[in-house]
Structure formats: structure tokens, C-alpha cells
Amino acid sequence: MLKRFKKRLKKSAIVASAAVVAASFAGTVDVLSIYANGVGENHYQMEYLERGVVAVHTDEGIFVSWRLLGTDPEQSAFNLYRNGKKVNEEPITSSTNFLDKEGKADSTYRVSLVLNGKETDRSKEVEVWSNEYHSIPLQRPDGGTTPDGVDYVYHANDASVGDLDGDGEYEIVLKWEPSNAKDNSHSGYTGEVFIDAYEMDGTKLWRIGLGKNIRAGAHYTQFLIYDFDSDGKSEVTLRTADGATDAAGNVIGDPDADYRNGSGYILEGPEYLTVFDGETGEELATTDFSPARGNMGDWGDTYGNRGDRFLAGVAYLDGQKPSIVMTRGYYEKTMLSAYNFRDGELTKLWTFDSDDDGNQAYAGQGNHNLSIADVDDDGKDEIIFGAMAVDDDGTGIYSTGWNHGDAMHVSDLDPNREGMEVFQVHEWGDYGLSMRDAATGEEIWAVHTGADTGRGVSADVDPRYPGAEAWAVGGDWNDGGGYFYTAEGEKIGGKIPSSNFAIWWDGDLSRELLDHDWTDYDIGIGTPRIDKWDYENQELVNILKIEGTTSNNGTKGNPSLQADIIGDWREEVIVRDIESTELRLYTTTDLTEHRIPTLMHDPVYRLGVAWQNVAYNQPPHTSYFLGSDMGEAPEPDANFIVPSTVNVMPDRLNGKLKGTVTVNVEVPDNASGLVEGDSAEIAVNGVTVKGEISIVRRGFQVKMDRRELARALEKQIGETQVKIAITSGTGEIFVGKDTVNVQTLEPALSVNEVDAVKAGERFSLTYSLKGEGDNLRSIEAVLTYDPEKMEFDSVDPLVNKLNITQESVRPGEVRLVIDGTPNRFFNDPDLFTVNMKVKETETFEADVSLKDIVYTSTSKEVVPMDDVLQSIDIFDDVSEINVSSEGNVQSIDSNGETLQLTAQVSPANASQTVNWSVTDIDGSETDIAAITSDGLLSGNKQGLNGEVKVIAEATDGSGIKGELVIDISNQLQLVTGDVFGTNPPWSEGNEFDKAFDGDTNTFFDYKEANGGYTGIDAGEGNRTVLAQVRFYPRDGFTNRMTGGKIQGSNIASDEGFVDLYTISSEPDAGWNVVQITTEESYRYLRYVSPDGGHANIAELEFYTH
């Protein structure tokens, strides 16, 4: 298998030597470009962690374990200290755990790293846990009552971890879910969702409220905890809406908006993507959420089920820094959007849409979960989205066509094959379970089950077979029988392990099973348990039953979180107690001789922890095979971000910009070994700057020109936060912040905004100067413009005794030189005016730019300045409007037909907006036709025919109009009356009258599969001869109308019906029109559904002559 990772031995030598150099003297290193030098190229930026020491009281003594960090050299050894005294005789080299038989419940422990016989850093001192779990007290939100009078309380739900404050230790971010949370398929109001952050000791850091416009349920709120802006601290990002409140009480959007409909669904109103500060819970950035809901019917239904199913993940799309991936839909329409959060701003990178040309095969392939990994070994992550994959640039890689499923596992499941594999179960289609190549989608093996195969796991539970075994249930979610295969597809048997989570827990390399003892559907919780698969007897053997706690999310039965959070490489479990008064963090106390770097420094595993909370939670996997007979675990292919202490001197900049600024970056003791290499780069607020960087005893010292700092601060004035990032020669990034009081500005020119200019008229641009950091003697610049669109008139000084010379270089270019004494430049901010004229043109826009700007100081220093661009909007009056239609059609000659009209406005740069209207041929009002604001003409539903005049009038006040005569014929009269039909609906909001509400996004959905109908009662004494029927199937369910019938009756709304028309084949999506031939008249007209159709229909119209 191809593996991309640094050579451990080479790195070890560098770390050891750098530690000695840093301790002995300061040496200056070169400042090189990150691109020219390859610093950080194709290495993921990941969080730097503390040693994570944990000590637990057991019957045999005190069990202690700690992390082997991804940055630790291969020859790393450790000393263990109890109460300040070393416990071990020789440095510990074979593992990162120890059983101290002499330890006591009141002992304290710390660990020191040993390199070349010397201790180089020491961990924090920790106390002993009295139990196998650590209690984390919670502050449970108060319950409430929904608008329909339903009371609810709160339960701790899914959680994630991140280093929120940059101290090298994880904090917990927890979602609170109300007891009335809903699956998307169920209607009803829900309580508000809250997001909390806690220290491991239970200190609550903050609480975010998502408000009434985010529904509660497993598919609605997917939150990501990750360091997205490379500052050494994790942010929190998730979908928000109007009324969400950050931890400081700031409200996002409209605080009074309430978009809930009568069924509790939220199908309108803005949606946002918000990034919150992980340390404070305050909003950092908000933008419109993508993928947007658009037309709800595109997702597979219109009542809010399939269109509001979200997933989320973190991906290194550029191979270096993490990006945000947000998704929507997977049953039918599928969309994924990617964002960067850099320098305080959210920027959308791309959107993948299965409706786009060439992407149709990707519809319906997504899972209730996703995975992210570099499966094609190009140094950038791909998104494994169920039975399909999307590349780092947002293009589709492959779609297997094997369809949606509930569970999926991505890793090097078969170490005998090159690359990673994907094991997935499927809800429908040719296969119930499948194993494929993750990079290409090529089938390795697959099994047809003929059923909705709802659960499946892949993990190494049987050492007799190479790689990870894979199994799936044969019936219900907790079925002990099913399909059990080796990684290569060899059938093992019919008895299977539990099919929920897999976890590394005991001392061997195979994986254990994490599941729950389910109570029942009324109570809806289970007691978590960890089991070992006895492969010889084909049965589960219990290792730990976690009494007094409960699982989450119904039968899914997942913990709040499973991850390698503390201690050695094995995983911990976070669960809630039954009353949600605390979280319990469980860790193993089994000794192991296997020494593996913390799984949180493996990119695939760390990203798996980030996405674990989304929808149907799945366990994380590593990028490499971790199991029986594995090879050596690779060193993480990562550069680590180390939060450091930054001190900028002087901390106040005023007066001239000449001079030096000194920046001291103090690195934490446990990261001193990373201060290494022979090159480095410094960035200020994300801007690479020039400077001399020296390695000193506690980290780095940087000397830079004041002008470099001012340039990076982008002309900010006053108290300004400065973010310093030093990237070492081996790619590690040391980050920190300080505050500088800036009272000086580098000179810069700006130009006033100009309103739109009419063709043929003159205009003026006023240029102003800001800044006082240097004594100016002169400014030179080149004025550029398009000579085909504009003419240059003159340039005039606005300051007395300021001299301006101009020289025409070529058409469209004028060189300007502004001379004067320093005090003249800053007497008035407005320096000079450029006078120009727009030519007679039909263009919409033209640019005027000042380029190649430099200023010369009194000390004869020449300093470049930023270009100044001004775009000028150009317009003209409307002179003519021509109205036409596609194909020059001038009639509507069938019932229900529409005609799209267009208005061509001249000249092209005149306002293209027109007001549409339709009149009788003599200009009077008409009922024969109607027209929309965008020119869509339609007939009528009263059976009226004749000629009409369509008018498009200019909106610029000129009174110019364009006209076109259209002939309307063959219009029929709509049959109206009282609506009748069968009850109850499948869910509230899908009643029989939805077929007659004029909205194709709503639909009738009968609870029973057979016997449903809906129709019109024309009323006593009213009978009509049916001439035509127009109907619109429910989006995505056109097949449910095949065999449906149009019927008429004169007896009652539920009897005496005769067939008038049968829908013999699957109708088209959208409107369908059928002609009815009958001489009989009927009071009652209806559509009756075929068996299995649930009476699904979106709109129904009956017409008579």
C-alpha cells in the first residue's frame, strides 16, 4: 500500500539536535518563501497536544497511561514520576502505560520524555481517578413547552472534542437535545437546540442557543470542532438561522422571526453557516448557508423530510489546511459545499450538485454518514459520500450506483491490497453489503440481500483472517445473524458480532465491540456495553457494562463520543448518566505492550472524530490497518500547530515608519524540541512578511521593518490584535497573539465613489491621501482607462502649491507626477481631481485606474503604494422596446398553456427592466389572459377566448413601450366546488385538499397504501361534462400514479363512481394533460389512487367546455 509519511529516523535526528542548539545559543535562520522552499507542502496542519497523562485506581494498583505524540522521535523513552519521585528503574521504551503497584489513591503522577538519555520535557501532574471513569458535571438547560402545548426536557446528546483554548488539552462540545426532537419524517414542534462547551473538570465555558428556526433531531444539527484558521485553537461551526444566540448574547439575523409551519417544519427563511470562537462561544463569521434548500420538491418530497437531511465534515482540500464541508440531501438530489475559514472570513470554495450536467448518476447515493480521507494518495482529501466519492476540487470521482445506506467504514481494511477500502451497507438496489476500492469505486466483493440492510461494521475481530472482517445484519438492527465475511470476501459464517460501534479497548490489537442493551421503543434508551468477539465459539463476551448511563439516538445506541481522548492509543468512551447531570469519560485499564502514536494525530482518524456526531454516528478508523499482525504504524504526515506566547516590541507604533520591530515567540516547554530546521517563515495576520528570524532558548526572535508590520495590519489604527505565525523549516507552526497600538499609517491613495454616468456626459474623480508615517516629497502614478469608452480631459490639484504634471504615454495612459512639500500633501486629504468624459457607447461599465504608484520621501526612499481602481457604471435612456416570444409564436391555443415573452430594450446599456401588462385589444382591462412580472403569459380558467395586447413599458420614466398581439383560444372552464377525499394523511400537512391548493410543492399523501382518493363536489344541481384533466404528480413519485383513475359520480362523494380515464403508464414529472371523451355530466369528480400509491398527487384540475 502506498503510504505518505515523514521518515521517522530523519525527523528524530533533527529533533534531538535542535533541542541542543536551542538550549545553547541563538542562531539566525534564513527567511524563505513557503512555496519556494516547500515548507509545509503536502503536510496536514494538526493540533499539538499535551502528554495526556491519566492515572486510574485498580485492584492491582494505579494504572497510568500517556500519549506517544505524532512528533515524538522513534527512540523516545519515558520516565514516570509518582509524587515527584521516579517510579521506573530504566526509561520505558516498549509502551506508554504502566501499572504502579505501589501507588495510592492520593498519589500524583507525571511523565517526562527521555531523548539520548536526557529528559527534555515534563507533563502536567495529574491526580488518580477513583473509578474507571471521570465525572464531568453538566449544567442541564431548563425544559419548556412548544406552541401546541407539549412539554419537553433536555438530554445530553452527541459530543465532540477540540482544543478550544490552545492549552494542548481537549475540551468537550456537547449538543443538548429536547425530548421532543424529531426524525425528519415526523411532524411536530421541537424545543430549542443548545450547544455547550466544558472543560474536563466540568467548568462550563459557554452556551449557544440555536433558536426556534432550527429543528431538533439527528439530521438537523451537525457541528464541527476544529482549528480552521490555524491559530492553535479550535473553532465551532454549524448551520444557524434567524434567532440563534451566541454565548455573549448576540443574536444572528432577525430575533423575532418564526418560520415554523403548522406541522413544526421549517421550510422557509434564511439559513446561515456560522463559525463561533471555541474559547468564548462568540460569533466570528456568518454567511449564507450552502447547499441552500431551493425547491424542496427537488430533494424527494416537499414536506421537509429529505430536503433537510444534513451532513458535515472537515477535509484538507489543499493538502495543508482544514476546510469545512457541508452537505444536504442523499436520497435523491445531493449537494456538497466547501468553505475555508481563514483570517476571520468564510469563503465558499465550490458546490457539487447532482442536478448539474454530468452529475445525474450521483443522485441517491449518499449515506446517513460520510467519511473523509486521501484515498487517491495525491496529498489532498476526498469525500466518501456513501456509494459515491467527490474530489478535493468539488468534482465527482465516481458513483457506483449501489445506492444509499445507513452505515459505512473507510480505512485500509485489507492491508494486502494497495490503497484504502470502503465497506458499506445499502438500503435498496443490487447489493445489501459491499466492499470497494476507495479511490476508484471498483467492486472488490458484494452480496445481494434483497432487503434494507440497515447495520454493518468492518473491524479486525478475528485474528485468523488478514485485515478487517466485515459483517451486516440479516434482519432487524440488533439481529445476531447475518452476513460475515473476511476482508477479501470469503464467507466466515452466519453468526455475527454486534453491528453498532467497534472500539480499541483491551491490550491486543484486534477491535472490541461497543453496543447497548436496548430497553424498548417507549423508553428509547439502552445501557452501553463493551464486548469481545469470541471467534472460536462465535459469541460475544462482555468486558464492561456501563451501568447508570445511557446510550443516545434510539436504536442507534451510540455514545456521546468515542475517541482517543487521553492516555495511550486506545479509545475512550463518553456517555451521559441517565438524568444528564454528568458525562462520564471511561478509559481502559488493561495493560498493553503495543506502542502506537496517539490516534488523534492520524489524519483520517482525527477527521473521523470530527464527523462522528453527524446523523447516524459511526466509529472512526485510522488511515492505516490497525489490527492483528499489523506493520509499524506510520508517523503522521502532519505539521503541528503549537500555541505560543507572543510579545511585540515596541507595542506602540507612531510617527515615521522607519525603524525595527522585535517579536519574541516563546514556545511551550513540551514543544521545545520542535524548534528546529535551517529556514523559517513569519506571517502577520496571515500576510507573509520579511524579517530576520533567530532561534533562541525559549523559541524564536524576529526583527522586521516597521513598514512590513504596518503593511500586514492593512492600515488599521488604534488597538490592533496581531496574530504571529512562524513556520519552521520542518513545517511546524508556532502561533500566538499580541496587541499593538498603531498610531501611524503608510500613505495610501483612495478615490471617491461615482454614481452611474450617462453616455456622452462628463464626470470627475477625486483622489485623497491618508497616512502620516513618512515625509512625502512626490507621488508618481499612471492613469489608465479604455480610450474606446472614455476621454481624458484634465487633472486639477485641490491643494494650494501642489504641482501636477501630466504626460500622455499612449491612448488610454497618462503619467502623473504630483510634487510638493510634505505639509502640502497632508494639509487636506483631497489631493487632486481627474476630469473625464464618457463617449457615446452602449457599454455598461468602464474602469479608471491609478497604477504603478510610488511615493518618494524626503530621504529619497522610493516606496510602492497600492493600485486604486474605480469602476464606472454607464447608462443611457431607453429608445426602443421590441416584444417577442420564442419561435415568434403569437398565440396560446390549448388550455393551461403558457407563453414566455421577452422584451429587447435598446440601447443595451439602458435599463433592461420593464413592467409587463396585458389588456384587451382596445386597451381596456381583460380577463382573457394574465401575465407575470417576468413576462410569462397564461390563458384563463373561465373558458374565455379572444385577442389580447401584451405591453412592456420602460421603467426609466421615458414612457417607451413595446406591444405584441396574442390570440387566446381553446380555453376551458375550471370546475370548482368543495374538496373531498380520504383521511388520515401520512403526516400533518399532506391532507387531500393539498391537491387543489395551487401549489405544486405540496401534495396529498394518504396514510394507507390503497384506496385513497381526492376530488371536487360541484354542488347541488351542478353537473359538468368533463373535457380535460390536468394533474401534477408528487415530485419523485410519478410511478405511484400508474394505474390511477379519473372517475365521475352523481350519487355521493364515496360511491357510484364510473371510470372516465385510466393512467395506463407512468406519467411525466410536472404537468400532464389528458383529454376526456364523454357525453355524461357529473356532480362528483375525483382521482382514485392505484394500490400502493398512497394517493400521491401534487395538483389536480378538472375542466369543462
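The values are calculated or read from the model by the stated rules, or taken from the named source; none is laboratory data. Bear in mind the structure is a predicted one, so any value in this text is a computation, not a measurement. So basically every Cβ, Gly included, is an ideal-geometry build from the backbone, and we count neighbours across all protein chains shown.
Couple of notes before you dig in:
- Single residue of the range 1032-1053 satisfying the filter (of a type outside the set (S, T, N, Q) and within 15 Å of residue 1104 (Cα to Cα)) that is surrounded by the most Cβ atoms within 10 Å (Cβ to Cβ): 1048
- Residues that are buried (at least 17 other Cβ atoms within 10 Å of the Cβ) and polar (S, T, N, Q) were ranked within the range 532-554; the one that is farthest from residue 494 (Cα to Cα) is 549.
- If you filter the range 483-523 down to residues that are among the acidic types (Asp, Glu) and outside any loop (DSSP other than H, G, I, E, B), you find that the one that is farthest from residue 577 (Cα to Cα) is 512.
A quick yes/no check of all residues on (1) in a loop (DSSP other than H, G, I, E, B); (2) touching a Pro at 6+ places or on another chain (Cβ under 8 Å); (3) buried (at least 17 other Cβ atoms within 10 Å of the Cβ); (4) of a type in the set (S, T, N, Q):
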| residue | (1), (2), (3), (4) |
| --- | --- |
| 788 | yes, no, no, no |
| 793 | no, no, no, no |
| 800 | yes, no, no, yes |
| 809 | no, no, no, no |
| 836 | no, no, yes, no |
| 842 | yes, yes, no, no |
| 847 | no, no, no, no |
| 851 | no, no, no, no |
| 854 | no, yes, no, no |
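- So residue 926, is it among the hydroxyl-bearing types (Ser, Thr, Tyr), farther than 30 Å from residue 750 by Cβ, assigned by TED's automatic domain parsing to the domain that holds residue 961 and crowded, with 17+ Cβ neighbours inside 10 Å: yes
- Pairs with Cβ under 8 Å, 6+ apart, first in the range 696-712 and among the charged types (D, E, K, R), second part of a helix (DSSP H, G or I): 697/22; 697/23; 698/672
- Here residue 639 meets the list (1) in a strand (DSSP E or B); (2) crowded, with 17+ Cβ neighbours inside 10 Å; (3) modelled with pLDDT of 90 or more almost entirely, failing just condition (3).
- Matching option when the condition is surrounded by fewer than 21 Cβ atoms within 10 Å (Cβ to Cβ), of a type in the set (D, E, K, R) and in contact (Cβ under 8 Å) with a residue 12 or more places away in the chain, among 652, 584, 576: 652
Table: residues versus (1) over 22 Å from residue 369 (Cα atoms); (2) in contact with a Lys or Arg (Cβ under 9 Å, 6 or more places away or on another chain); (3) outside the structural domain of residue 195 (by TED's automatic domain parsing).
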site	(1), (2), (3)
231	yes, yes, no
240	no, no, no
259	yes, yes, yes
285	yes, no, no
324	no, no, no
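- For the condition of a type in the set (A, V, I, L, M) and either closer than 30 Å to residue 1076 by Cβ or without any contact (Cβ under 8 Å) to a residue 60 or more places away in the chain (or both), residue 831 does not qualify.
- Residue 209 among the small types (Gly, Ala, Ser), within 18 Å of residue 143 (Cβ to Cβ) and in contact with a strand residue (DSSP E or B) (Cβ under 9 Å, 6 or more places away or on another chain): yes
- Test: residue 753 is out of contact with any Lys or Arg (no Cβ under 8 Å at 6 or more places or on another chain) and in a loop (DSSP other than H, G, I, E, B): yes
This table checks each residue for (1) assigned to a strand (DSSP E or B); (2) farther than 21 Å from residue 491 by Cβ; (3) outside the structural domain of residue 321 (by TED's automatic domain parsing).
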residue: 372; (1), (2), (3): yes, yes, no
residue: 377; (1), (2), (3): no, yes, no
residue: 410; (1), (2), (3): yes, yes, no
residue: 417; (1), (2), (3): no, no, no
residue: 430; (1), (2), (3): no, no, no
residue: 446; (1), (2), (3): yes, no, no
residue: 450; (1), (2), (3): no, no, no
residue: 463; (1), (2), (3): no, no, no
residue: 466; (1), (2), (3): no, no, no
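- Applying a threshold of 6 Å to beta carbon distances and a minimum spacing of six or more residues, or different chains, the list of pairs starting in the range 949-960 at a residue that is more than 16 Å from residue 932 (Cβ to Cβ) and ending at one that is charged (D, E, K, R) and surrounded by fewer than 17 Cβ atoms within 10 Å (Cβ to Cβ) reads 949/963; 958/877.
- Considering the conditions (1) in a strand (DSSP E or B); (2) out of contact with any Pro (no Cβ under 8 Å at 6 or more places or on another chain), residue 860 is excluded by exactly one of them, (1).
- Filter result for residue 1061 (at pLDDT 95 or above, among the aromatic types (Phe, Trp, Tyr), within 18 Å of residue 978 (Cβ to Cβ) and in a strand (DSSP E or B)): no
- Filter result for residue 976 (polar (S, T, N, Q), under 48 Å from the mean Cα position of the chain (by Cα), more than 28 Å from residue 903 (Cβ to Cβ) and buried (at least 20 other Cβ atoms within 10 Å of the Cβ)): no
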